[in-house]
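Here's the structure we're looking at; comments come further down.
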Amino acid sequence: MNNKNEAFEPNRLLCIVSSMDRGGAETFLMKIYREIDKAKYQMDFAVTAPGAYDDEIRSMGGKIYHIPAKSKNPIKTFIELKKIVNDNGYKSVLRTSQQSLATLDLVAAKCGGAKKLIYRSSNAGMTEKGIHKVINKAFSFLPKCIPNVKLAPSTEAAEFVFGKKAVKNKKVTIMPNGLDYSLFEFDEIKREKIRKELGLENKHIIGHVGRFNQQKNHKFLIDIFNEIHKKDNNAHLLLIGKGELENEIRDKIERLELDKFVTIIAPVANINEYYMAMDVFVFPSFFEGMPNVIIEAQATGLPCYVSNTITKEANITGIVKYIELEETSKKWANLILKNRNVNRNRFLQRSRKLLKTPKWKKRRRNPNNTNGFLQKRLSPSNR
């Protein structure tokens, strides 16, 4: 007979990610984690490197396990994951990635005793080249057959990883990215504070938030800004992010003699205030699953110009302008400059109105909706 005074242990979900840094998939997980009823559910993380969210995770009662990267020793990684799952009794494990072989982490989890094997597709394309591209395609069947719970932020991301048939047969749960709108509602005081801190009070700020990698297409973004600056010497480019191509992008900025007109900063916790400081948001990615940054930018009433390769599901408010990626940087620049003097208040009014509709409320981070989802996935009766 159970003692009524015995401490109740919450159901725990183990999430496997490279690191809990401020990337899109990681931000998605943190938005959920902040809202769940932690007396009933907890989220723990198996990572290969430290991340910006580590301290916050621990402060909320989450555990962080450090595992070796598969690229260094895949067998050791498999054994370590299996041991973590087995020793701690995890019955539900989530892997979020765009790499087909990452699904093998769920095999390790299953060998350790996990019953719910959850895989979240985070993108609708790939940037790998050469042998890495061949390997990813060769093992693309793994995400289709290993997980028994399939998640995606958009229909395009779901179809890319799990296939159109799985989506058509409702074998994939589309769980769109949401946000706490109260944090992103435009505030003129916050806008001016950030602009002053950056020394850009009187500049026309063109913004971008994203990791410096091939997918985000920063080289083309610099070309776009170069064309903009030729016609508007008051324009200033603000890039927020870090990544393996950062030095390469800095070199290009210097070659074009734009270094005085471009500011690069690392990811920040108060990203909402930086959107408010911007005047326009440009995002020419090669592909995306459901970009958090586009949703966040819209919430602040920020005009967005994005590549036509990005899912139309990201256009929540109708203020996103899609431009063909095949167009020249000059054409992109002209379209952005054409609307340079747009009244942001008009966009704000539209955003506020649409973000309060029943359709959007389903997308806003609702603790009850999140807890209900986790209950279906983690409760003992569903294991």
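Local charge for residue 230 was computed over the other residues whose Cβ lies under 13 Å away, with Lys and Arg +1 and Asp and Glu -1, and equals -2. In this structure, the amide hydrogen of residue 16, modeled 1.01 Å from its nitrogen in the peptide plane, lies closer than 5 angstrom to those of 46, 94, 95, 96, counting only residues at least 5 positions away or on a different chain. Peptide packing: for 322-333, 198-209, 297-308, the average count of neighbouring Cβ atoms within 10 Å per residue gives the ranking 297-308, 198-209, 322-333, highest mean first. Taking packing as the residue-averaged number of other Cβ atoms within 10 angstrom, the listed peptides 283-296, 28-41 run from highest to lowest as 283-296, 28-41. The phi-based Karplus calculation (6.51 cos²θ - 1.76 cosθ + 1.60; θ = phi - 60°) puts the 3J(HN,Hα) values of the range 271-288 at 4, 4, 6, 6, 4, 4, 6, 7, 10, 7, 10, 10, 9, x, 4, 6, 6, 8 Hz, whole numbers, x for Gly and Pro.
The charge dipole of the range 181-361, taken about its Cα centre with unit charges on the Cβ of Lys, Arg, Asp and Glu (plus for the first two, minus for the last two), comes to roughly 740 debye.
Would you please state which residues of the range 102-123 a label at residue 145 would reach in this model, taking the label point 7 Å out along Cα→Cβ and a backbone N cut-off of under 16 Å? Counting only backbone N, you get 102-108. Between residue 116 and 92, 93, the built amide H atoms are under 5 Å apart, and every one of these is 5 or more places off in sequence or on another chain.
Which whole number in µm²/s is D for the chain by Stokes-Einstein, with the Kirkwood Rh taken over Cα pairs at 37 °C and 0.692 mPa s? D = 149 µm²/s. Adding -39500 (n - 2.57) for every DSSP H run of four residues or longer, then dividing by how many residues the chain holds, sets the calculated 222 nm ellipticity at -11500 deg cm²/dmol.
Residue 70 sits among other residues whose Cβ lies under 14 Å from its own Cβ, and their net charge, with Lys and Arg +1 and Asp and Glu -1, is +2. Farthest towards the positive end of the charge dipole of the range 181-361, among the residues 207, 240, 186, is the Cα of 186, using unit charges on the Cβ of Lys, Arg, Asp and Glu.
Using the Stokes-Einstein relation with a Kirkwood hydrodynamic radius computed over Cα pairs, the translational diffusion coefficient of the range 1-93 at 37 °C and a viscosity of 0.692 mPa s comes to 231 µm²/s. Other residues within the sphere of radius under 12 Å centred on the Cβ of residue 88, judged by their own Cβ, net out at +2 (K and R +1, D and E -1). The packing ranking, built from the mean of other Cβ atoms within 10 Å per residue, places the peptides 95-108, 261-274, 67-80 in the order 95-108, 261-274, 67-80, highest first. Charges were assigned to the Cβ only: +1 to each Lys and Arg, -1 to each Asp and Glu. The resulting dipole of the chain about its Cα centre is roughly 1660 debye. Taking 1.567 mPa s as the viscosity and 4 °C as the temperature, the Stokes-Einstein diffusion coefficient of the range 181-361 based on its alpha-carbon Kirkwood radius rounds to 79 µm²/s.
FRET efficiency for residue 136 and residue 341, Cβ-Cβ distance as r, R0 = 45 Å, nearest 0.05? The calculated FRET efficiency here is 0.50. Close amide H partners of residue 124, meaning residues 5 or more places away or on another chain with modelled amide H under 5 Å apart, are 288, 289. Taken over the range 158-224, the percentage of Cα pairs per 5 Å bin, counting from 0 up to the bin with the maximum distance, is 3, 11, 11, 11, 14, 18, 12, 7, 7, 5, 1.
Values quoted throughout were computed directly from the atomic coordinates according to the rules given, and no laboratory measurement underlies them. It should be emphasised that the depicted structure is a prediction, and the values quoted were computed from it without experimental measurement. No Cβ is skipped: glycine too gets one built from the backbone with ideal geometry, and neighbour counts run over all protein chains shown.
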